[in-house]
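A quick write-up on the structure given underneath.
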Amino acid sequence: MQFKYRVNVTKKLWEGRFSEKTAQIVEAFTASIDVDRRLYAYDIKGSIAHCKMLAHASIISDEDAAALIQGLEQIKKEIETGKFQFDDRLEDIHTHVESRLGEVVGNVAQKLHTGRSRNDQVAVDVRLLLRDETLRIMRRLVELQSVIVNIAKDHIDVVLPGYTHLQRAQPVLLSHHVMAYYEMFLRDIERFNDGLRRINEMPLGSAALAGTTYPIDRNYTAKLLGFAKVSANSIDSVSDRDFILEFLSAASICMVHFSRLSEELILWSTSEFGFIELPDSFATGSSIMPQKKNPDVSELVRGKTARVFGDLVALLTMMKALPLAYNRDMQEDKSLLFDAIDILSACIEIYIQMLPKIKLDKSAMGQAASSGFLNATDLADYLVANGIAFREAHLCVGQIVRYAIDKNKELHDLSLEELQSFSALIQKDIFDVLTPKQMIDRRTSFGGTATKRVKAAIREAEKQLGNLTKSFVS
Ligand code: ARG
């Protein structure tokens with residue numbers, strides 16, 4: 001059995017004022033260590049910076065600071081090598097580290113918390129973690145975008161119906177459809193990047209809520225921890241969780257995008273659509289129906305989206321009636337935040353790996369794009385180009401469509417004579433006009449589906465991807 005360092009769990013950081021032991025049930029109820037142990041590296045990093053600042057401001061001696069820092073580094077190693085014993089009775093990560101520090105370095109440990117409170121400590125820990133996680137998520141979204149761009153590039157000739165109301169509307173390039181997701185994830189990255197600006201402010205030194213009597217140098221600590229600035233108001237600093245709310249909002253919107261993508265993949269993989277085949281390695285079977293290949297991965301992404309929304313709504317609800325400044329309710333923020341970080345990260349990784357493995361059925365897509373009167377607008381536009389007003393053309397084409405439905409034909413299956421019986425303006429060049437390829441390539445308006453436009457959009461995206469990571473706030 002591996003030896004574990006045991007921290008003295010009978011001592012509370014705040015026991016001085018109390019004459020009775022905390023009830024066991026209360027210890028268990030108030031403990032957050034199961035969740036906030038994830039902050040350990042940031043808690044230690046924050047404490048080391050705090051020590052250095054205390055020495056720099058001559059609040060503690062250089063020798064004391066050196067001893068504290070050495071002890072903190074040792075504890076980090078103990079945690080990382082699994083030698084550290086966590087215990088419910090020690091409330092949270094801050095208490096664990098500080099109590100163990102007492103055992104490692106002796107009495108000098110009691111100086112660590114000078115000019116600091118757990119209220120500003122937990123705020124700095126979460127900000128440090130969220131800064132790293134946000135940057136990591138943004139980088140992974142960029143990777144996902146490059147997967148998307150490659151798919152768009154490799155399938156530039158694939159045509160499928162574009163839909164409105166889930167009814168076939170007009171043919172589009174698959175690449176154009178796929179690049180719509182590029183734009184969504186670009187906005188997500190921008191939102192996370194914008195949030196980083198507000199994450200990147202340092203609350204340490206606000207102490208419990210009012211600041212401290214010690215001559216601390218907050219800018220010095222901020223510099224050590226790489227924060228762009230120090231927070232301006234100590235009351236706000238310890239009670240602000242906007243930066244988590246913003247992250248959860250951005251994560252929720254990003255999950256909306258993953259969920260919509262999932263929904264499309266689920267639909268497209270049905271035999272009714274038959275547009276794609278999911279890779280075996282990313283699908284699951286049925287325990288009873290041997291023929292089944294189910295899109296469980298996409299379904300779970302869609303399902304987990306609900307949980308991220310829940311995390312956001314729970315935090316909004318938790319914060320909405322809190323008086324200033326810190327309240328213990330706020331301890332609940334971390335499980336919500338970590339849940340959302342983990343779900344979003346998993347979904348990004350899943351799609352980075354799964355998307356390139358999806359098989360497309362070009363001919364099923366093409367066939368779907370050639371039936372269902374998707375060329376009706378183009379016939380109307382043709383009449384307009386030949387001199388009549390759009391409303392009149394719309395009416396005329398509506399009548400042709402009704403006629404074709406009766407005859408069980410598509411518009412392009414009607415003979416020239418049949419078409420001309422509705423309008424003398426129709427000539428035999430109409431049959432070129434009505435092909436999906438032509439319809440697509442005539443839509444040359446900026447942002448439209450014409451091949452040359454989509455190719456330009458892909459080129460633009462490739463350029464953008466090269467520069468995107470450089471624009472991240474850090
Ligand atoms: N575990 C607490 C949290 O996550 C740390 C701050 C505790 N502060 C306090 N005054 N009890 O919010």
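Odds and ends about this structure:
Condition check ((1) within 16 Å of the ligand (Cβ to nearest atom); (2) under 22 Å from residue 356 (Cα atoms); (3) touching a residue at least 12 places away in the same chain (Cβ under 8 Å)) across all residues:
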| position | (1), (2), (3) |
| --- | --- |
| 234 | yes, no, yes |
| 266 | no, yes, yes |
| 274 | no, yes, yes |
| 283 | no, yes, yes |
| 317 | no, no, no |
| 321 | no, no, no |
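- Scanning the stretch 350-386 for residues that are touching a His at 6+ places or on another chain (Cβ under 7 Å) and not hydrophobic (A, V, I, L, M, F, W, C) yields one hit, 375.
- One residue stands out among those in the stretch 82-99 that are outside any helix (DSSP H, G or I) and more than 21 Å from residue 23 (Cα to Cα): the one that is modelled with the lowest pLDDT, which is 85.
- Among the residues of the stretch 26-45, those identified as assigned to a helix (DSSP H, G or I) and among the aliphatic types (A, V, I, L, M) are 26, 28, 33, 35, 39, 41, 44.
- The one condition in (1) in a helix (DSSP H, G or I); (2) away from the ligand (no atom under 16 Å from the Cβ); (3) over 20 Å from residue 334 (Cβ atoms) that residue 79 fails to fulfil: (3)
- The set of residues from the stretch 94-118 being of a type outside the set (S, T, N, Q) and within 15 Å of the ligand (Cβ to nearest atom) comprises 94, 96, 97, 98, 113, 116, 118.
- So residue 79, is it of a type in the set (A, V, I, L, M, F, W, C), modelled with pLDDT of 95 or more and closer than 26 Å to residue 206 by Cβ: no
- Scanning the stretch 323-349 for residues that are free of Cβ contacts under 8 Å to residues at least 60 places away in the same chain and more than 10 Å from the ligand (Cβ to nearest atom) yields 323, 339, 342, 346.
- Contact annotation: residue pairs with Cβ atoms under 6 Å, 6 or more positions apart or on different chains, pairing a residue in the stretch 162-178 that is in a helix (DSSP H, G or I) with a partner that is of a type in the set (Ser, Thr, Tyr) and at pLDDT 95 or above, are 176/449.
- Matching residues in the stretch 289-315 - criterion: being surrounded by fewer than 18 Cβ atoms within 10 Å (Cβ to Cβ) and either within 16 Å of the ligand (Cβ to nearest atom) or under 22 Å from residue 42 (Cα atoms) (or both): 314
- Take the conditions (1) buried (at least 24 other Cβ atoms within 10 Å of the Cβ); (2) away from the ligand (no atom under 15 Å from the Cβ); (3) touching a residue at least 60 places away in the same chain (Cβ under 8 Å); (4) more than 30 Å from residue 472 (Cβ to Cβ); residue 84 misses just one of them, which is (1).
- Number of the exception - residue 32 against (1) polar (S, T, N, Q); (2) in contact with a helix residue (DSSP H, G or I) (Cβ under 7 Å, 6 or more places away or on another chain); (3) at pLDDT 75 or above; (4) more than 16 Å from the ligand (Cβ to nearest atom): (4)
- Test: residue in the stretch 63-73 that is away from the ligand (no atom under 16 Å from the Cβ), in a loop (DSSP other than H, G, I, E, B) and on the phi < 0 side of the Ramachandran plot: no
- Inside the stretch 67-84, residues that are β-branched (Val, Ile, Thr) and farther than 18 Å from residue 37 by Cβ make up a count of 1.
- Taken across the stretch 183-197, residues that are assigned to a helix (DSSP H, G or I) and more than 30 Å from residue 447 (Cβ to Cβ) do not occur at all.
- Members of the stretch 461-473 found to be of a type outside the set (Lys, Arg), exposed (fewer than 12 other Cβ atoms within 10 Å of the Cβ) and more than 14 Å from residue 196 (Cβ to Cβ), listed by number: 466, 467
- The residue of the stretch 386-398 that is surrounded by the fewest Cβ atoms within 10 Å (Cβ to Cβ), among those that are among the small types (Gly, Ala, Ser) and not in a helix (DSSP H, G or I), is 387.
- Of all residues in the stretch 210-219, one or more are in contact with a strand residue (DSSP E or B) (Cβ under 8 Å, 6 or more places away or on another chain), over 30 Å from residue 181 (Cβ atoms) and not in a loop (DSSP other than H, G, I, E, B).
- Only one entry of 59, 48 meets the criterion of being in a loop (DSSP other than H, G, I, E, B), at pLDDT 95 or above and crowded, with 17+ Cβ neighbours inside 10 Å, and that entry is 59.
- Exactly one residue out of 351, 326 is of a type outside the set (Lys, Arg), in contact with a Ser or Thr (Cβ under 8 Å, 6 or more places away or on another chain) and surrounded by 15 or more Cβ atoms within 10 Å (Cβ to Cβ): that is 326.
The values are calculated or read from the model by the stated rules, or taken from the named source; none is laboratory data. The shown structure was predicted, so the numbers you read here are calculated from the model rather than taken from an experiment. Positions of Cβ are backbone-derived with ideal geometry, glycine not excepted, and every protein chain shown enters the neighbour counts.
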